[in-house]
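Encoded as structure tokens, the structure appears first; notes follow it.
The values are calculated or read from the model by the stated rules, or taken from the named source; none is laboratory data. Treat the numbers as computed from the prediction; the structure is a model and nothing was measured. Positions of Cβ are generated from backbone atoms using ideal geometry, with glycine treated the same way; all protein chains shown enter the neighbour counts. The accessibility values were calculated without ligands, DNA or RNA, using every heavy atom of the protein model including side chains. Shrake-Rupley method; radii C 1.70, N 1.55, O 1.52, S 1.80 Å.
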Amino acid sequence: MRKIKYIVIHCTDTPEGREVTAEEVDRWHRERGFMMIGYHYLVRLDGSVENGRPLFMKGAACAKKDCNACGIHICYVGGRNNQGFTVDTRTEAQKAALKSLLVNLKKQFPQAIISGHRDWDKGKACPCFNAMSLNAEVQVSK
């Protein structure tokens, strides 16, 4: 198993309310030359979580190599309002599912630091909220 140091949150950069599947993201990534979807998980509008890339494989979702090699990548559907501006569009179901997923991943990888794509690539707005604030919210008892 890879040494996991980071859990990195992304968004699909799609309009609020537009549903996206892992299959669709996989197609987008393959069109860009990836071998498969770059994220390990996709959180859909209804809070369901779809598997993407297997955890044993490094991610392909960030320009920084260490972020990919040592990270687990989670993407939520959304990130833009209907006027095209980058905003946190997460539904309550997505927030709950993301928190649950993070708690489970932190149980497996307690040393992992939660961050956003924008914390790695400074020109990015993704995931359209301060993902690092989730480190304080996601506490795992030992």
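How many of the residues in region 1-27 are more than 18 Å from residue 114 (Cβ to Cβ) and exposed (fewer than 14 other Cβ atoms within 10 Å of the Cβ)?
Within region 1-27, the subset more than 18 Å from residue 114 (Cβ to Cβ) is 1, 12-27.
Imposing the further condition that a residue be exposed (fewer than 14 other Cβ atoms within 10 Å of the Cβ) reduces the set to 1, 17-19, 21, 23, 27.
Qualifying residue count for the region: 7.
Quick grid of which residues meet (1) within 11 Å of residue 9 (Cβ to Cβ); (2) modelled with pLDDT of 95 or more; (3) open to solvent by 20 Å² or more (accessible area, probe 1.4 Å); (4) more than 12 Å from the chain's Cα centre (by Cα):
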{"position": "46", "(1), (2), (3), (4)": "no, yes, yes, yes"}
{"position": "59", "(1), (2), (3), (4)": "no, no, no, no"}
{"position": "72", "(1), (2), (3), (4)": "yes, yes, no, no"}
{"position": "75", "(1), (2), (3), (4)": "yes, yes, no, no"}
{"position": "89", "(1), (2), (3), (4)": "no, yes, no, yes"}
{"position": "103", "(1), (2), (3), (4)": "no, yes, yes, yes"}
{"position": "113", "(1), (2), (3), (4)": "no, yes, yes, yes"}
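With respect to residue 63, determine if the residue is open to solvent by 30 Å² or more (accessible area, probe 1.4 Å), over 20 Å from residue 37 (Cβ atoms) and among the small types (Gly, Ala, Ser). I'd like the intermediate steps shown before the answer.
Working: open to solvent by 30 Å² or more (accessible area, probe 1.4 Å): yes; over 20 Å from residue 37 (Cβ atoms): no; among the small types (Gly, Ala, Ser): yes.
Against the criterion (open to solvent by 30 Å² or more (accessible area, probe 1.4 Å), over 20 Å from residue 37 (Cβ atoms) and among the small types (Gly, Ala, Ser)), residue 63 does not qualify.
Quickly run through region 122-142 and pick out the residues that are under 14 Å from the mean Cα position of the chain (by Cα), farther than 11 Å from residue 7 by Cβ and open to solvent by less than 50 Å² (accessible area, probe 1.4 Å).
Selection gives 125, 126, 127, 128, 129.
Can you tell me which residue within region 1-36, out of those that are small (Gly, Ala, Ser) and more than 17 Å from the chain's Cα centre (by Cα), is farthest from residue 78 (Cα to Cα)? Give the derivation first.
Keep residues of region 1-36 that are small (Gly, Ala, Ser), which gives 17, 22, 33.
Narrowing further to those that are more than 17 Å from the chain's Cα centre (by Cα): 17, 33.
Working: 17: 7, 33: 23 Å.
Residue satisfying both the conditions and the ranking: 33.
Six or more apart or on different chains, Cβ under 7 Å: which pairs go from a residue in region 113-126 that's closer than 17 Å to residue 65 by Cβ and aromatic (Phe, Trp, Tyr) to one that's outside any loop (DSSP other than H, G, I, E, B) and open to solvent by less than 20 Å² (accessible area, probe 1.4 Å)? Could you list them?
Short answer, once both residue conditions are applied: 120/8; 120/67.
Would you mention how many residues in region 34-89 are part of a loop (DSSP other than H, G, I, E, B), in contact with a strand residue (DSSP E or B) (Cβ under 7 Å, 6 or more places away or on another chain) and more than 21 Å from residue 129 (Cβ to Cβ)?
Selection size over region 34-89: 2.
Tell me, please, whether a residue that is modelled with pLDDT under 95, farther than 21 Å from residue 30 by Cβ and assigned to a helix (DSSP H, G or I) can be found in region 120-128.
Within region 120-128, one or more residues are modelled with pLDDT under 95, farther than 21 Å from residue 30 by Cβ and assigned to a helix (DSSP H, G or I).
Take region 1-33 and flag every residue that is among the β-branched types (Val, Ile, Thr) and part of a strand (DSSP E or B). Before the answer, list the steps.
At the first step, the residues of region 1-33 found to be among the β-branched types (Val, Ile, Thr) are 4, 7-9, 12, 14, 20-21, 25.
Scanning region 1-33 gives 7, 8, 9, 14.
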